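For reference, the structure is listed below as structure tokens.
The values are calculated or read from the model by the stated rules, or taken from the named source; none is laboratory data. It should be emphasised that the depicted structure is a prediction, and the values quoted were computed from it without experimental measurement. Virtual Cβ from ideal backbone geometry, glycine too; neighbours counted across all protein chains shown. Heads up: the accessible areas ignore ligands, DNA and RNA and are worked out on the full protein's heavy atoms, side chains in. Shrake-Rupley method; radii C 1.70, N 1.55, O 1.52, S 1.80 Å.
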Amino acid sequence: QVQLTESGGGLVRPGGSLRLSCEASSSVFSIHTMAWYRQAPGKQRELVANIPSDGSGGSANYADSVKGRFTISKDNVKNTVYLQMSNLKPEDTAVYYCNVVWGWAPRKNSWGQGTQVTVSS
């Protein structure tokens, strides 16, 4: 059974930092991309950042709203993707979801359960 286990959300003051983690279960193989999305109340889910597999020739991508503040990274051995968030703003408040595209014929798309990030004074 495929599982994506997220952790690291919470309440933080504006200007603060948080690091989100998402570990994919061992049943996930041949990962193509790992990504973080977020969904604020009353809004559509949006891509925050994604990172392609090594050797793909691609590089990490970020939403304009988080460029320079968030950094996505991954640990291939641990099948884990991270999102380091700095200089957090109230508008970053949302449920953050991990996403992994993996496997072959067809590719599979798996989601984490979501972790709440609240930025408030």
Inset, instruction - Go through the range 86-109 and give me each residue that's of a type outside the set (D, E, K, R) and open to solvent by less than 20 Å² (accessible area, probe 1.4 Å). - result: LEU88, ALA94, TYR96, CYS98, ASN99, VAL100, TRP102, GLY103
Legend entry - Hits in the range 82-114 - residues which are closer than 20 Å to ILE31 by Cβ and among the β-branched types (Val, Ile, Thr): VAL100, VAL101
Inset, instruction - Please go through the range 105-121 and pick out each residue that is without any contact (Cβ under 8 Å) to a residue 24 or more places away in the chain and under 16 Å from LEU4 (Cβ atoms). - result: ASN109
Legend entry - Residue satisfying all of: in the range 33-73; open to solvent by 50 Å² or more (accessible area, probe 1.4 Å) and either in contact with a helix residue (DSSP H, G or I) (Cβ under 9 Å, 6 or more places away or on another chain) or among the basic types (Lys, Arg) (or both); nearest to VAL95 (Cα to Cα) among these: ARG45
Inset, instruction - Taking only the range 59-104 into account, find how many residues are within 18 Å of SER7 (Cα to Cα), assigned to a loop (DSSP other than H, G, I, E, B) and at pLDDT 95 or above. - result: 3
Legend entry - Within the range 1-32, considering residues that are β-branched (Val, Ile, Thr), within 17 Å of LYS78 (Cβ to Cβ) and in a strand (DSSP E or B), the one least open to solvent (accessible area, probe 1.4 Å): ILE31
Inset, instruction - Please identify the pairs in which a residue from the range 11-33 that is on the phi > 0 side of the Ramachandran plot has its Cβ atom under 7 Å from the Cβ atom of a residue that is open to solvent by 50 Å² or more (accessible area, probe 1.4 Å), counting only partners at least 6 apart or on another chain. - result: GLY15/ASN87; SER30/TRP104
Inset, instruction - Test THR80 against the stated conditions and say whether it is open to solvent by less than 20 Å² (accessible area, probe 1.4 Å) and farther than 20 Å from VAL119 by Cα. - result: yes
